[in-house]
1. Can you name the residue in the range 104-141 that is open to solvent by less than 20 Å² (accessible area, probe 1.4 Å) and over 21 Å from Cys76 (Cα atoms) and is also nearest to the chain's Cα centre (by Cα) among such residues?
2. Does the range 46-63 contain at least one residue that is closer than 24 Å to Asn136 by Cβ and touching a Cys at 6+ places or on another chain (Cβ under 8 Å)?
3. Filter the range 17-42 for residues that are open to solvent by 80 Å² or more (accessible area, probe 1.4 Å) and either β-branched (Val, Ile, Thr) or in contact (Cβ under 8 Å) with a residue 60 or more places away in the chain (or both) and give the result.
4. If you scan the range 110-127, which residues turn out to be out of contact with any Leu (no Cβ under 9 Å at 6 or more places or on another chain) and over 18 Å from Ile44 (Cα atoms)?
5. Scanning for something modelled with pLDDT of 95 or more, open to solvent by 30 Å² or more (accessible area, probe 1.4 Å) and more than 18 Å from the chain's Cα centre (by Cα), does the range 46-68 turn up at least one residue?
6. Of Ala130, Ala87, which residue is in contact (Cβ under 8 Å) with a residue 40 or more places away in the chain and out of contact with any Asp or Glu (no Cβ under 6 Å at 6 or more places or on another chain)?
7. Take the residues in the range 72-103 that are farther than 19 Å from Asp16 by Cβ and hydroxyl-bearing (Ser, Thr, Tyr), then tell me which one is least open to solvent (accessible area, probe 1.4 Å).
8. Which of the residues that make up the range 103-126 are at pLDDT 95 or above, of a type outside the set (D, E, K, R) and in a helix (DSSP H, G or I)?
Amino acid sequence: MDNPRELNILDCSLRDGGYYTNWDFNSDIIDKYLDSISVAGIDIVELGYRFVENNGFKGALAYTSEEFLDSLQIPCSLTIGVMVNGADLCSATELESTISYLFPVKAKESKIDLIRIACHYHEILDVLPAVDLFHNKGYRVGLNLMQIVDKSMDE
């Protein structure tokens, strides 16, 4: 991951599949998944989310807390990422406090290296300050533009 021009493969099966299970997966299954992904040569695993609010039951991968990550057997070959909803960042009344709540530690103290912000076209400018704040905490940051196919070439 040192060469920025190097091709990296990201798998987000558990994060995306969590929509069907409320991000509630057995730790043994997660450990087996991580081991299999590592053996397959996948570079980055986006394990789950960091949601601001909890409306109803959600499993551990909805929050992917540092404590939960510490309980997993993560192969050292894997880079760990999580997704944050851009809408959560746009609606934050105090962005720095929200980011401190979502990511209480700097990247060097975390098993998470990559934060992907999922946002819509109309949210891009509003999430850019969050990109800087995450970057200042040492995280790699990516933007996942959702539903971009609906936009015109001028947009």
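1. Ile117
2. yes
3. Residues satisfying the conditions are Ile29, Val39.
4. His122, Leu125, listed by residue number.
5. Checking the range 46-68: not a single residue is modelled with pLDDT of 95 or more, open to solvent by 30 Å² or more (accessible area, probe 1.4 Å) and more than 18 Å from the chain's Cα centre (by Cα).
6. Checking each option against the conditions leaves just Ala130.
7. The extreme case among them is Thr98.
8. The one that is at pLDDT 95 or above, of a type outside the set (D, E, K, R) and in a helix (DSSP H, G or I): Ala107.
The values are calculated or read from the model by the stated rules, or taken from the named source; none is laboratory data. No experiment lies behind these values; they were computed from the predicted model shown. Here the Cβ is made from the backbone with ideal geometry for all residues, glycine too, and neighbour counts use every protein chain on show. Ligands, DNA and RNA are excluded from the accessible area calculation, which covers all protein heavy atoms including side chains. Shrake-Rupley method; radii C 1.70, N 1.55, O 1.52, S 1.80 Å.
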